[in-house]
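Below is one structure; the comments refer to it alone.
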Amino acid sequence: MKFELKAKRRPDIINNLRDIIRDGADKYGDRPALYYRRNKEELSFSFNDYNNNMNRLGTAFAALGLADAHIAVIGDTCPEYLVTYHATVNGGGVIIPLDRELSDNEIVNFLNISEASAVVYTENFNKRLIHYEEKLPNIRYFIPIMHETEEINNSKIKSYTELIEFGLTQLDSGNLSFIDHDIDMNKLSALLYTSGTTGTSKGVMLSQKNLTDATNAACQSMEYDDESTFVDLLPMHHSYEITCGHMSITALGGTMYINDSLKNTMRSILYFKPNALMVVPLYVETMHKRIWAEIDKKGLHNKVKFGMWLSNLLLKLNIDIRDKLFADVRNALGGNLRSIVCGGAPLSPRLIKDFYCFGIIVLEGYGITECSPLVAVNRPGKERYHSVGQAVYGCEVKIDKKPEDETGEILVRGGNVMMGYYKNEEATKEAFTEDGWFKTGDIGYMDKDDYIYITGRKKNVIILSNGKNIFPEEIEEYLSRSDIIAESIVLGRTRENDDIVITAVIYPDPEKTADMTSEEKKTIIKEEVNAINKTLPVYKQVRDIEIRDAEFSKTTSRKIKRYDL
């Protein structure tokens with residue numbers, strides 16, 4: 001595939017995370033780094049604002065004795081959240097971003113096991129966290145980003161605004177402890193908790209070097225620059241969003257519009273008209289379905305299909321008319337969108353091909369929290385279907401397999417790989433080979449050009465009684481190609497005779513099956529599955545189906561919670 005998506009220059013290598021903010025202020029000054037909405041008003045946050053507020057909050061932390069403390073942050077994406085992140089990690093502290101969807105009890109448990117000394121939170125947590133003060137003996141300060149609507153007389157509560165003002169006073173009086181802080185690149189800087197309850201979740205320890213190397217890898221791998229514009233869509237507690245999203249985009253001088261809620265996703269894209277997005281597959285799948293639903297609604301299915309065939313034919317002759325042929329499709333996504341970086345789960349190549357026909361390149365990548373998270377990504381003009389690309393700058397990948405096997409576990413080594421799991425030496429030891437390679441738990445292979453292909457997750461593998469290994473993700477990809485199937489999960493169900501049966505749990509498309517009875521839904525789904533089975537080896541075929549009436553439960557990054565099933 002050919003696609004023109006070229007930045008004006010290769011970005012400079014970043015020395016540390018503080019340089020991202022300081023260099024941004026030097027280069028771009030009062031130009032907006034972020035746009036966001038608050039109380040129905042559109043606001044902007046400049047590169048200078050970023051730097052000034054980081055220095056003030058970092059200085060306030062230092063003056064309060066929090067310079068090297070563990071500081072948690074939870075809530076919606078906003079400039080104050082990002083400032084808190086940088087003020088903490090660039091002053092010697094440890095940031096603990098928590099999932100805003102956690103229950104109150106889970107939040108309390110995570111704050112305690114992470115040994116947080118302060119917690120910064122957005123408005124929807126104002127009347128929640130303070131009520132657990134007695135259960136949080138280590139928390140010295142509760143820091144609401146927005147003021148309480150009613151005053152609470154508690155010396156532990158210090159608002160974000162109050163700290164910014166306090167930090168400015170300290171700076172004016174000559175306190176340079178934060179500004180002059182000598183960053184230790186190998187010291188613990190971020191503590192990220194993997195999915196699961198407090199009993200099963202592990203605290204991933206990332207150093208400033210880990211985060212910096214991952215940010216450099218993202219910048220060096222993508223063809224973005226200071227003219228790139230994005231819409232922020234993913235939750236901030238994920239390393240993908242903070243590293244590949246905010247840190248790399250800020251380092252490149254790009255601009256981001258913060259989406260205020262999941263339901264406003266398309267509205268935000270139409271409003272801000274970004275030229276790039278960083279998302280997980282569900283967003284791409286949703287956009288793809290909406291595009292084709294609108295095409296079908298207008299009775300243009302065959303016409304668009306012919307246009308796609310004609311466009312692909314002309315592209316082989318170096319004639320590109322996609323902007324004219326598919327202007328309506330592009331306008332439905334704001335009109336400027338040219339590229340989408342997608343990671344977190346497999347994405348159907350059919351979707352990638354369709355978006356390419358419309359003039360939008362989709363670049364699949366691969367990452368894992370323990371690698372800060374970026375491991376590999378397809379580069380513009382060098383994409384390969386089904387592959388997640390080649391290893392990124394500063395990262396090595398190899399496959400641990402026997403000579404006779406086609407696939408094996410994906411191993412990673414590089415400056416992006418975590419320090420280990422927080423206070424869990426046993427789990428840390430299990431996560432690495434004896435010679436220092438991190439074991440991802442993902443299964444795959446590499447081709448002769450070092451493109452990486454992921455076939456499944458080690459812990460999800462279904463082992464049949466005949467010894468065959470089935471990776472459910474492969475079958476789920478086939479199921480996702482059906483227009484009738486909205487979502488699916490493939491499992492190995494144990495039956496009474498102890499046989500393992502490959503079972504597909506399916507949520508039918510609600511629009512396409514709206515007028516059907518339960519029996520009619522099951523019949524048409526069976527027909528779809530039978531058709532798919534004919535394309536699969538006998539041992540991989542789905543033998544049973546279960547129909548759901550509701551969507552699968554999902555994480556905040558829109559991944560299906562497979563473990564719930």
Reported set for segment 81-115 where residues are surrounded by fewer than 24 Cβ atoms within 10 Å (Cβ to Cβ) and in a loop (DSSP other than H, G, I, E, B) is GLY92, ASP99, ARG100, GLU101, LEU102, SER103, SER114, GLU115
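Filter segment 398-420 for residues that are of a type in the set (A, V, I, L, M, F, W, C) and surrounded by 22 or more Cβ atoms within 10 Å (Cβ to Cβ); which is farthest from GLY203 (Cα to Cα)?
So in segment 398-420, the residues of a type in the set (A, V, I, L, M, F, W, C) come out as 399, 410-412, 417-419.
Then keep just the ones that are surrounded by 22 or more Cβ atoms within 10 Å (Cβ to Cβ); that gives 410, 412, 417-418.
Values: ILE410: 21, VAL412: 19, VAL417: 14, MET418: 10 Å.
So, considering only residues that are of a type in the set (A, V, I, L, M, F, W, C) and surrounded by 22 or more Cβ atoms within 10 Å (Cβ to Cβ), the one farthest from GLY203 (Cα to Cα) is ILE410.
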So, in segment 382-431, how many residues would count as being within 20 Å of ASP213 (Cα to Cα) and more than 24 Å from the chain's Cα centre (by Cα)?
0
So SER159, is it among the hydroxyl-bearing types (Ser, Thr, Tyr) and either surrounded by 20 or more Cβ atoms within 10 Å (Cβ to Cβ) or touching a His at 6+ places or on another chain (Cβ under 6 Å) (or both)
yes
In this structure, is GLY456 touching a residue at least 24 places away in the same chain (Cβ under 8 Å) and among the small types (Gly, Ala, Ser)?
no
Members of segment 510-531 that are closer than 26 Å to ILE470 by Cα and either at pLDDT 90 or above or surrounded by fewer than 12 Cβ atoms within 10 Å (Cβ to Cβ) (or both)
THR523, ILE524, ILE525, LYS526, GLU527, GLU528, VAL529, ASN530, ALA531
Would you confirm whether or not segment 385-393 contains a residue that is touching a Ser or Thr at 6+ places or on another chain (Cβ under 6 Å), crowded, with 23+ Cβ neighbours inside 10 Å and part of a loop (DSSP other than H, G, I, E, B)?
yes
From ILE475, ILE484, residue being touching a helix residue (DSSP H, G or I) at 6+ places or on another chain (Cβ under 7 Å), over 30 Å from LYS209 (Cα atoms) and surrounded by 20 or more Cβ atoms within 10 Å (Cβ to Cβ)
ILE475
Are any residues in segment 306-322 free of Cβ contacts under 8 Å to residues at least 60 places away in the same chain, over 18 Å from MET287 (Cβ atoms) and either part of a helix (DSSP H, G or I) or of a type in the set (D, E, K, R) (or both), and if so, which ones?
PHE306, GLY307, TRP309, LEU310, SER311, ASN312, LEU313, LEU314, LYS316, ASP320
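Hey, any hits in segment 525-532 for a residue that's assigned to a strand (DSSP E or B) and among the hydrophobic types (A, V, I, L, M, F, W, C)?
no
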Scan segment 123-144 and give yes if some residue there is under 27 Å from the mean Cα position of the chain (by Cα), of a type in the set (A, V, I, L, M) and under 28 Å from LYS554 (Cβ atoms), otherwise no.
yes
Is it the case that GLU364 is closer than 12 Å to ILE454 by Cα and in contact with a Cys (Cβ under 6 Å, 6 or more places away or on another chain)?
yes
Matching residues in segment 533-557 - criterion: being in contact (Cβ under 8 Å) with a residue 60 or more places away in the chain, surrounded by fewer than 17 Cβ atoms within 10 Å (Cβ to Cβ) and in a helix (DSSP H, G or I):
TYR539
Those residues of segment 163-199 that are small (Gly, Ala, Ser), assigned to a loop (DSSP other than H, G, I, E, B) and modelled with pLDDT of 95 or more come to a total of 3
Yes or no: segment 402-411 includes at least one residue that is among the hydroxyl-bearing types (Ser, Thr, Tyr) and touching a residue at least 60 places away in the same chain (Cβ under 8 Å).
no
If you go through segment 244-278, how many residues are aliphatic (A, V, I, L, M) and either part of a strand (DSSP E or B) or surrounded by fewer than 18 Cβ atoms within 10 Å (Cβ to Cβ) (or both)?
8
Filter segment 105-121 for residues that are in contact with a helix residue (DSSP H, G or I) (Cβ under 7 Å, 6 or more places away or on another chain) and not aliphatic (A, V, I, L, M) and give the result.
TYR121
Breaking point among (1) in contact (Cβ under 8 Å) with a residue 12 or more places away in the chain; (2) farther than 15 Å from TYR81 by Cα, for VAL94
(2)
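The values are calculated or read from the model by the stated rules, or taken from the named source; none is laboratory data. Fair warning: this is a prediction, and the values are worked out from it, not measured in the lab. Don't worry about glycine lacking a Cβ; one is built from the backbone with ideal geometry, like all the others, and counts go over all protein chains shown.
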